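All remarks here apply to the structure that follows.
The values are calculated or read from the model by the stated rules, or taken from the named source; none is laboratory data. Since we're looking at a predicted model, the values are computed, not measured. Here the Cβ positions follow ideal geometry from the backbone for every residue, glycine too, while neighbour counts run over all protein chains shown. These area figures cover heavy atoms from the full protein model, side chains too; ligands, DNA and RNA do not enter into them. Shrake-Rupley method; radii C 1.70, N 1.55, O 1.52, S 1.80 Å.
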Amino acid sequence: IRWPHAEYGMIMPDEFIEIAEQTGIIQALSLWVIKSALQQLQKWKKITPDFLMSINISAHNIQDAHFIKAASILIKDKEALAKNIILEITETQMMLDTHHALKNLWALNELGFNIAIDDFGTGYSNLSYLKKLPANELKIDKTFILNLEDDKQNQVLVQTAIHMAHNLGMSVVAEGVESERSYTLLKSMGCDLCQGYHFSRPVPVDQFERLFNNIAKP
């Protein structure tokens, strides 16, 4: 999500999401994103039935039972699409109020959504808490990936995170992959998926569709 502002140009989410959280409009914004994502996913799923779409949600979302109810209304009659959606919540955000977060994450999971732990490694999670989460995916933060090729300690930490996630039944995504060397190293470690500028920078929907259609062609 980007905010193309007439006066200030392209405003990135890092600049306006926190304001949305502070002013209370984050619930409406997140629900709009989910609604828009569902509409787009219906089109892409026709090309590739197992297409997966990830959506970042805020800690404020998973602390609010009204948001969970609203999400259930949005997904009603579209339950088949939920399994193609991964809701991403950061490790640090999940630790703010573990009781409500855990309850509401399980509610989202029961609606059919997949759950991902985003930016893993940047917080101080209780590992016993991690195993209670209905998470399908663990995303290793880019701070551990950007200098992975030359940092032996980071390599040990990343390899340990991959083993831990796999043992907990989760797939692993490495964020911030910017070179073929890092990609090759991560594959050798058993990392399931990689994302980053090595593959593509963020692009608008129409440009992505052209790329996607070319990849999807037999």
Which is under 30 Å from I73 (Cα atoms) and hydroxyl-bearing (S, T, Y), of S179, S188, S171? S171
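If you go through the stretch 118-129 one residue at a time, do you hit one that is in contact (Cβ under 8 Å) with a residue 60 or more places away in the chain and either hydroxyl-bearing (S, T, Y) or open to solvent by less than 60 Å² (accessible area, probe 1.4 Å) (or both)?
Yes - at least one qualifying residue is present in the stretch 118-129.
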Of (1) surrounded by 15 or more Cβ atoms within 10 Å (Cβ to Cβ); (2) aliphatic (A, V, I, L, M); (3) at pLDDT below 80, L96 fails just (1)
Confirm whether S182 is in a helix (DSSP H, G or I), of a type in the set (S, T, N, Q) and open to solvent by less than 30 Å² (accessible area, probe 1.4 Å). yes
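For every residue, the table says whether it meets (1) of a type outside the set (D, E, K, R); (2) surrounded by fewer than 18 Cβ atoms within 10 Å (Cβ to Cβ); (3) under 25 Å from G24 (Cα atoms).
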| residue | (1), (2), (3) |
| --- | --- |
| K43 | no, yes, no |
| I62 | yes, no, yes |
| A65 | yes, yes, yes |
| A71 | yes, no, yes |
| I75 | yes, no, yes |
| A80 | yes, yes, no |
| K83 | no, yes, no |
| G112 | yes, yes, no |
Can you name the number of the only condition in (1) in contact with a helix residue (DSSP H, G or I) (Cβ under 9 Å, 6 or more places away or on another chain); (2) modelled with pLDDT of 90 or more that I62 fails? (2)
Of everything in the stretch 155-193, what is closer than 15 Å to T143 by Cβ and charged (D, E, K, R)? Give them in sequence order. E175, E178
Please determine whether any residue of the stretch 77-87 is touching a residue at least 40 places away in the same chain (Cβ under 8 Å), within 23 Å of D119 (Cα to Cα) and not hydrophobic (A, V, I, L, M, F, W, C). yes
Scope the stretch 137-163; condition surrounded by fewer than 16 Cβ atoms within 10 Å (Cβ to Cβ) and not charged (D, E, K, R); matching residues: T143, N147, Q153, V156, L157, T160, H163
